1. What about residue 334, is it exposed (fewer than 12 other Cβ atoms within 10 Å of the Cβ), modelled with pLDDT of 70 or more and over 30 Å from residue 239 (Cβ atoms)?
2. For residue 26, indicate whether it is at pLDDT 85 or above and either in contact with a strand residue (DSSP E or B) (Cβ under 7 Å, 6 or more places away or on another chain) or exposed (fewer than 15 other Cβ atoms within 10 Å of the Cβ) (or both).
3. Please find, among 245, 151, 262, the residue that is under 21 Å from the mean Cα position of the chain (by Cα) and closer than 26 Å to residue 343 by Cα.
4. Here are the criteria: (1) buried (at least 18 other Cβ atoms within 10 Å of the Cβ); (2) within 19 Å of the chain's Cα centre (by Cα); (3) at pLDDT 90 or above. Tell me which single one residue 138 does not satisfy.
């Protein structure tokens, strides 16, 4: 067994006696400020290595190491590896009852995805699930006619649950590694969409949406915020004086804080929304936050507005397309790319490009610019050269 220290900067695990990390961090100073996390490493029966994070106190790490030594000596393997007797269904029940999970806007989708996964592998002991089992799951779901994106989403949600279980010390890293090794069926950018909502379609939708859904669409159209971010938005995050929506790290999907400008039309609408005394959420329906999918309302509004709806319908619109719309409109308005990325929460240029749609107007504008460029070139190259003042004098 061994106790290792994790550098708070580069996260390299190394001897706890090291005074300085290779990255330059002063480990002694970091230890005094309790920024160094300690890990214990040991081998299980069968010579499988296991690592375990044990907090930021060396004394706690020593205690944990002593406890594991005793358990190994007494062959109490289930005490060391709880996943050796826990089924996937049991882990799912634990995860879905976490308050932090129940408050996620997409809770119903998470529950449904794990239900599909449990229908196939739910009775299996967690650490007995292999990479081949997960591949077989993908094949079965594909044969059942499920979209590749749906299958990838189900595996991803299961993996997210395992990350939470790992952080809570319910499973070991080797279980998580099995799910990490499974490759996505959908190739990168293969599922990228280029549908945007033009201003005319936006106005038509607003006319047919139920009253409680109008602010949802408006916030999405004028801020580019994700559906979950909108439904969980509370008034303490809305600064109408500064005209900013200020999201903390815990409010965003990428766990990065963001500041989002409130445009004039949205500002008017937000001022008209009555604030409830009993609830701080901006979006309420019958006095309660909207936690369930609002697809039915959106589908009906699209039908009345004559807008095709659905991911697999030609030219079909889905709510997430409004995020593409915002990115595209900001780019057309001349906003700097880095500023757009900061507002929308896109951390990479590749992801930004996925949400930046080039439409017919862009293409025609580019053609106009090319026409003007070629015209200038033609005039400069082929027009009769003008004589200089000295040449005119000689004549």
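The values are calculated or read from the model by the stated rules, or taken from the named source; none is laboratory data. Not measured: the values here are computed from a predicted model. Neighbour counts are summed over all protein chains in view; Cβ atoms, including those assigned to glycine, are modelled from backbone coordinates with ideal geometry.
1. No, not satisfied.
2. Answer is yes for this residue.
3. The match here is 245.
4. (2) is the only condition that residue 138 fails.
This table checks each residue for (1) part of a loop (DSSP other than H, G, I, E, B); (2) at pLDDT 90 or above; (3) touching a helix residue (DSSP H, G or I) at 6+ places or on another chain (Cβ under 7 Å); (4) farther than 20 Å from residue 167 by Cα.
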| residue | (1), (2), (3), (4) |
| --- | --- |
| 9 | yes, no, no, no |
| 18 | yes, yes, yes, yes |
| 35 | yes, no, no, no |
| 42 | no, no, yes, no |
